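Written below as structure tokens is the structure these notes are about.
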Amino acid sequence: MKRTGVVVIGAGQAGLSAAAGLRRGGLEPGPGFVVLDGEDGPGGAWRHRWPTLRMGTVNGIHDVAGVRSGFDDPGADPDRPARDAVPAYFGRIERELDLRVVRPVRVRRVSDAGGPPTVDTSGPPTVDTSGPLTVDTDRGTWVADHLINATGTWTRPFVPAFPGLATFRGTSLHARGYPGPEAMAGRRVVVVGGGITAVQLLLEIAPYAVATTWVTRREPEWHSTPFGPEQGRAAVARVEERVRAGLPPRSVVGVTGLGLTPEARAGIASGVLARRPMFARVVPDGVEWSDGTREPADVLLWATGWRPALGHLSPLRLRGPGGGIVMGTPLDTGVVADPRVHLVGYGPSASTIGADRAGRAAARAVLERLPVAAGA
């Protein structure tokens, strides 16, 4: 068993920002804090992005933890694959700030070091949140006063249940496993999803595929104004409202709408981005709408988002009656049910828009509660 002040789970953008804040606040790696990451190297989920995603089209990568990325410099290469550029950048942050990330580590469960909740028949189970937490992993156990959870969503791709999906004779895959447009050559592809990922995939698949079909639950919301800080703050605020109400969060990307870039305009004009409503069922050779209309397909590509990877926190019983985890006031990453736990990369910070801000906020909140940090 190893004792530390703070455990940070995850070394993506939010986790690195939190760790950097702890480091600059006077905590030393090891006794002060430890960062546990499930990947084999730096980069978080960016290590697994599809090979054709380039830096010129990624959404909102900016300087993380105060370390200049260089992505916005005139000499930056917009054609560099994101899965190469971002891990290199994150690795530089780890080295420059001497974060000493421990990896690969699989976190199995986080529980109260004082034992299971106290059950009182007159009310819900209660936990004494003044004591430490136990973090069990495949590389040992850490005991910590505070936890900053930055596990994001990448490990939990979401594919909705549809009648007949098990009968489909073609290839059904989530965008998480998308291998690149060449794999779609000569095939009929149905892309499901109304976000920026679906749009990007359609535009690059169309020149290779025999046919593409775009299916969404709601009409796409296109906007022609540049997406700046004001729009980002408004999108984050809409997600925060649900989180503060104890409801499962919507993704930030899901409330921002779609930008009418020159590429998107061309896709609309060519018919590639002609949206069709959601089908009713999957049939062995394609999809079928409620009126009996069918579209043949060789590939169903689900750009249907992700869910928060929080299963390891279930022993803490953080979820409320609404199915979500109630968070504090805006800019507060603390969990109301357990102030020892901070969630970054959850709800309003589950995107590049809010991840860095949330990481810094979590670090500040934890430092205020650690006596050793106050005297550093």
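The values are calculated or read from the model by the stated rules, or taken from the named source; none is laboratory data. Bear in mind that the values here come from a model prediction, so they are computed numbers and not experimental data. No Cβ is skipped: glycine too gets one built from the backbone with ideal geometry, and neighbour counts run over all protein chains shown.
A few remarks follow.
- Residue satisfying condition, being surrounded by fewer than 18 Cβ atoms within 10 Å (Cβ to Cβ) and not in a helix (DSSP H, G or I), within set 84, 40: 40
Residue by residue, here is whether (1) outside any loop (DSSP other than H, G, I, E, B); (2) aromatic (Phe, Trp, Tyr); (3) modelled with pLDDT of 95 or more holds:
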site	(1), (2), (3)
105	no, no, yes
108	yes, no, yes
111	yes, no, yes
114	no, no, no
124	no, no, no
134	yes, no, yes
146	yes, no, yes
155	no, no, no
161	no, no, no
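- Every residue from the stretch 87-115 that is without any contact (Cβ under 8 Å) to a residue 40 or more places away in the chain and not hydrophobic (A, V, I, L, M, F, W, C): 89, 92, 95, 96, 114, 115
- The conditions of being modelled with pLDDT under 80 and under 19 Å from the mean Cα position of the chain (by Cα) are met by residue 331.
- Here residue 158 meets the list (1) crowded, with 17+ Cβ neighbours inside 10 Å; (2) under 21 Å from the mean Cα position of the chain (by Cα) almost entirely, failing just condition (1).
- Boolean, residue 265 is modelled with pLDDT of 90 or more and in the same structural domain as residue 181 (by TED's automatic domain parsing): yes
- Residues in the stretch 130-155 that are among the hydroxyl-bearing types (Ser, Thr, Tyr) and within 13 Å of residue 110 (Cβ to Cβ) were compared, and the one that is surrounded by the fewest Cβ atoms within 10 Å (Cβ to Cβ) is 141.
- The set of residues in the stretch 37-60 being aliphatic (A, V, I, L, M) and under 17 Å from the mean Cα position of the chain (by Cα) consists of 45, 53, 58.
- So residue 26, is it out of contact with any His (no Cβ under 8 Å at 6 or more places or on another chain), crowded, with 20+ Cβ neighbours inside 10 Å, in contact (Cβ under 8 Å) with a residue 24 or more places away in the chain and of a type outside the set (S, T, N, Q): no
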